[in-house]
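**Student:** After the structure tokens below, expect a handful of questions from me.
The values are calculated or read from the model by the stated rules, or taken from the named source; none is laboratory data. Everything numeric in this text was worked out from a predicted model, so none of it was measured. Methodologically, a virtual Cβ is constructed for each residue, glycine included, from the backbone with ideal geometry; neighbour enumeration extends over all protein chains shown. With ligands, DNA and RNA removed, areas are computed over all heavy atoms of the protein, side chains included. Shrake-Rupley method; radii C 1.70, N 1.55, O 1.52, S 1.80 Å.
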Amino acid sequence: MHNETPIVRRQSKRIYVGNVPIGDGAPIAVQSMTNTRTTDVDATVQQIESLQRVGVDIVRVSVPTMDAAEAFKLIKQRVSVPLVADIHFDYRIALQVAEYGVDCLRINPGNIGREDRIRAVVDCARDKNIPIRIGINGGSLEKDIQEKYGEPTAEALVESALRHVEILDRMNFDNFKVSVKASDVFLAVQSYRLLAKQIVQPLHLGITEAGGARSGSVKSAIGLGMLLAEGIGDTLRISLAADPIEEVKVGFDILKALRIRSRGINFIACPTCSRQEFDVIGTVNALEQRLEDILTPMDVSIIGCVVNGPGEALVSDIGVTGGHNKSGYYENGERQKERFDNDNMIDQLEAKIRARASVLDKSKRIDIRED
Ligand code: SF4
């Protein structure tokens, strides 16, 4: 029930990764990357399917060898989500996965080597309408750029990116997006800000090697939050040393918090104190798990007492406000006569949320991507 985001997006060119639009105001696509061995086709397909179940838009798969390229062919046949092949240096792998229907190549043209090899990849990408992602990482800048700047700086990352951009420009290829990732939040943010002023292509955001599930999520939320709030960014990946499913969930949570892309339930819950009339934390945790399948954008407030409960419930799709033995229930911002037993809070709320989601779905309030 909260308003639309006040964020004004940067103007960027539209590209497509498979059927997913990127840039020019398209919903910000959430990506993740498999961490199975690509040659283990079954395990990789299984992981991609579990990423799809939590809503991933695009999945990147590392393709380090020709064996992995053959495995990629089989994986691609078995999944429906667009796949990006992550390739370093070896242009033959890029050409091979292009034959197998890859949806995007993550390869830096300047690292391919000889001009004829670069041209072979770019011509192939053009012929098959496959976009390229130029991916700059603060930890692997070119030697001469490292020497020029002494350390990774925003200017250094952007100079590196523009080198690859210039190669594609020279070959009249503009179907690409760019990332300038760093593990330091300020370095990444400054790099993206600088780059955003210099190219019209979409930007793929990320804080690279951000850390474990908790610390990496916080770093990513700060860095990507700053950029997204300024309108910068067209697609994102949260890089966590954790189950990739967490990357997708955190990505959507960041977009949800900024009201850029609403997908699933936005829980509003108090931290609890001795005034709470029912187990708020247990209720929220249980419902977050039980309701992962709900994709309908909706606000649900679960508040332990009347101090803040009614205020939040009035601007939520579903709200509950802790009361003695029985708690107040709100729907669509209106107080209902019905009250909930505090002892059976989770089941009652789940039923109400599912019913409300179904009403909202019918009234076409669905994920903006499907609009
Ligand atoms: S809303 Fe009530 S229970 Fe929750 S933290 Fe505030 S005072 Fe405590």
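**Student:** So how do 261-272, 134-145 stack up, highest first, on mean other-Cβ count within 10 Å?
**Tutor:** Details: 261-272: 19.1, 134-145: 17.6.
So the peptides 261-272, 134-145, ranked by packing, come out 261-272, 134-145.
**Student:** How large, in percent, is the carbon and sulfur part of the accessible surface of the chain at a probe radius of 1.4 Å?
**Tutor:** On the way: 7950 of 16630 Å².
The value for the chain is 48 percent carbon and sulfur by accessible area.
**Student:** For Q77 and E166, compute 0.36 nm times the residue count separating them, minus their Cα-Cα distance, and round to one decimal in nm. Provide the component values of the computation, followed by the final result.
**Tutor:** On the way: separation 89, 0.36 × 89 = 32.04 nm, distance 3.41 nm.
Gain in length upon complete extension: 28.6 nm.
**Student:** Over region 176-229, with the other protein chains present, what is the accessible area per residue in square angstrom, probe 1.4 angstrom?
**Tutor:** Numbers: 1900 Å² over 54 residues.
Computed with neighbouring chains in place, this is 35 Å² per residue.
**Student:** Restricting to DSSP loop positions (anything but H, G, I, E, B) with no more than 15 other Cβ atoms inside 10 Å of their own Cβ, which GluC sites (Glu not before Pro) remain in region 260-345? Intermediate results must be reported in sequence, preceding the final value.
**Tutor:** Numbers: sites: E277, E288, E292, E312, E331, E334, E338; in loops: E277, E292.
Those satisfying the criteria are E292.
**Student:** Pairing the Cα long axis of helix 280-290 with the longest principal axis of the chain, what angle in degrees results, from 0 to 90 and rounded to the nearest 10?
**Tutor:** The answer is roughly 50 degrees.
**Student:** With a 1.4 Å probe and every protein chain left in place, tell me how much accessible area K352 has, in Å² to the nearest 10.
**Tutor:** Result for K352: roughly 50 Å² accessible.
**Student:** Report the chymotrypsin sites (Phe, Trp or Tyr not before Pro) located in region 73-147 that are in a DSSP loop and have at most 14 other Cβ atoms inside 10 Å of their Cβ, or state none.
**Tutor:** Sparse-neighbourhood loop chymotrypsin sites (Phe, Trp or Tyr not before Pro): F89.
**Student:** Moving on to the next point. By accessible area of protein heavy atoms, probe 1.4 Å, what ranking do R60, R14, R214 get, highest first? Let's see the in-between values first.
**Tutor:** Values: R60 20, R14 80, R214 195 Å².
Output order, biggest surface exposure first: R214, R14, R60.
**Student:** In terms of solvent-accessible area of protein heavy atoms at a 1.4 angstrom probe, what is the ranking of K13, K148, K181, K362, highest value first?
**Tutor:** Sorted descending by solvent-accessible area, the residues read K362, K148, K13, K181.
**Student:** For the chain, what is the mean residue ellipticity at 222 nm derived from helices alone (per DSSP H run of n ≥ 4: -39500 (n - 2.57); sum divided by total residues; nearest 500 deg cm²/dmol)?
**Tutor:** Working: 12 runs with 149 residues, N = 371.
After summing the helix terms and dividing by the residues of the chain, the value is -12500 deg cm²/dmol.
**Student:** Show M171, M1 ordered by accessible area, largest first, where the area counts protein heavy atoms only and the probe is 1.4 Å. Intermediate results must be reported in sequence, preceding the final value.
**Tutor:** Working: M171 10, M1 75 Å².
Putting M171, M1 in descending order of accessible area: M1, M171.
**Student:** Also, I was wondering about something else. At E334 and R259, where each label point lies 7 Å from the Cα along Cα→Cβ, what is the point-to-point distance in nanometres?
**Tutor:** Here the answer is 2.3 nm between the modelled labels.
**Student:** Okay, moving on. Can you list the residues, at least 5 places off or on another chain, whose amide H is less than 5 Å from the amide H of Q336, using H built in the peptide plane?
**Tutor:** Sorted by chain and number, the residues that satisfy this are Y329, Y330, E331.
**Student:** What does the accessible area per residue of region 265-370 come to in Å², with a 1.4 Å probe and no ligands, DNA or RNA counted?
**Tutor:** Numbers: 5560 Å² over 106 residues.
Dividing the accessible area of region 265-370 by its residue count gives 52 Å².
**Student:** Tell me the Kirkwood hydrodynamic radius of the chain in angstroms, computed as one over the mean inverse distance between distinct C-alpha pairs. Walk me through the numbers on the way to the answer.
**Tutor:** Working: mean 1/r = 0.0453 Å⁻¹.
Computed over the chain, the radius equals 22.1 Å.
**Student:** Also, quick follow-up: Percent relative contact order of the chain, based on C-alpha pairs within less than 8 angstrom and at least six residues apart?
**Tutor:** Details: 754 pairs, mean separation 52.9, N = 371.
So the answer I get is 14 percent.
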